[in-house]
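Report on one structure; see the data block that follows.
The values are calculated or read from the model by the stated rules, or taken from the named source; none is laboratory data. Here the structure is a predicted model, which means the values were calculated and not measured. Using ideal geometry, Cβ is built from the backbone for each residue, glycine included, and neighbour counts are taken over all protein chains shown. Only protein heavy atoms, including side chains, enter the accessible area calculation; ligands, DNA and RNA are left aside. Shrake-Rupley method; radii C 1.70, N 1.55, O 1.52, S 1.80 Å.
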Amino acid sequence: MTTTTVQTTDRRQRAAIGAAGLGAVLAFVGSVLSFPDPLGGSGTAAEAARRLEGTAVDRAVLLVGVYVLLATVVVAALTAALPDRSAARRIVPALGVAHLFLFALSAAGLGGARAAGDIFDGVTPAALEAGLVLSNAAFPLAQSAGVAFGVAVFLASRSADRILRGLGVAAGVIAVGLLVPPVGWIVLYLTPAWFAVTGVLLAVRNR
């Protein structure tokens, strides 16, 4: 393999990482815009269940899946860029995937209720309540995994270059924000922006 071929492959890989970061945040924004709030303005579970049937929750869940897939690419690229000598580096990918999986699970509850309704002639209050239980159980777990992921990235990046250290500091700030109950859920929804920035910076970073 010639030097030119290696450089071309490297450029393509970097471009793919940057595109994954930007694609992740776009997919997330699309999912938020599509995700319904059947409880808003609903007086009963039956009314909320009826409202859920007319929403784009299936599209929202699909876009969350795309977000998770693309953000996982960024996690893998970040892990590869972190110094090998860091012990924290070993747990970065596991914690990153755990955070993303749990976040997807928190969004899948209402999607499952809607899917069951499509099969069994309408969303029932029981299906809606089960979906909400799943979402409400997975969301705080996603926050906890996000805290651990942020701390691991911060620790693993301390001996890295300036760009990686900056990403580590930002991850640490996010981890602290996730621990603050009044704003934790807001910070969790801002995390995709960190994945986007990380993907772009890894794409332009000099190795």
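Among G109, G150, G96, G168, which is the only one that is part of a helix (DSSP H, G or I), more than 28 Å from A203 (Cβ to Cβ) and open to solvent by less than 10 Å² (accessible area, probe 1.4 Å)?
G109
Can you find even one residue in the range 135-150 that is more than 15 Å from the chain's Cα centre (by Cα), of a type outside the set (A, V, I, L, M) and closer than 30 Å to A46 by Cβ?
Yes, the range 135-150 contains at least one residue that is more than 15 Å from the chain's Cα centre (by Cα), of a type outside the set (A, V, I, L, M) and closer than 30 Å to A46 by Cβ.
Take V123 and tell me if it is in contact with a Lys or Arg (Cβ under 7 Å, 6 or more places away or on another chain) and either aliphatic (A, V, I, L, M) or within 30 Å of T44 (Cα to Cα) (or both).
yes
For (1) of a type in the set (V, I, T); (2) touching a Lys or Arg at 6+ places or on another chain (Cβ under 8 Å); (3) over 24 Å from G131 (Cα atoms); (4) modelled with pLDDT under 95, each residue gets a yes or a no:
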| site | (1), (2), (3), (4) |
| --- | --- |
| V6 | yes, no, yes, yes |
| T9 | yes, no, yes, yes |
| G21 | no, no, yes, no |
| S86 | no, yes, yes, yes |
| F103 | no, no, no, yes |
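Determine, yes or no, whether L201 is within 20 Å of A108 (Cβ to Cβ) and either in contact with a helix residue (DSSP H, G or I) (Cβ under 7 Å, 6 or more places away or on another chain) or open to solvent by 60 Å² or more (accessible area, probe 1.4 Å) (or both).
No; evaluated as a whole, the condition is false for this residue.
Output the number of residues of the range 104-151 satisfying the condition of being over 23 Å from T191 (Cα atoms) and among the hydroxyl-bearing types (S, T, Y).
Qualifying residue count, the range 104-151: 1.
So, in the range 49-89, exactly how many residues are open to solvent by 70 Å² or more (accessible area, probe 1.4 Å), part of a helix (DSSP H, G or I) and more than 22 Å from A203 (Cα to Cα)?
Qualifying residue count for the region: 6.
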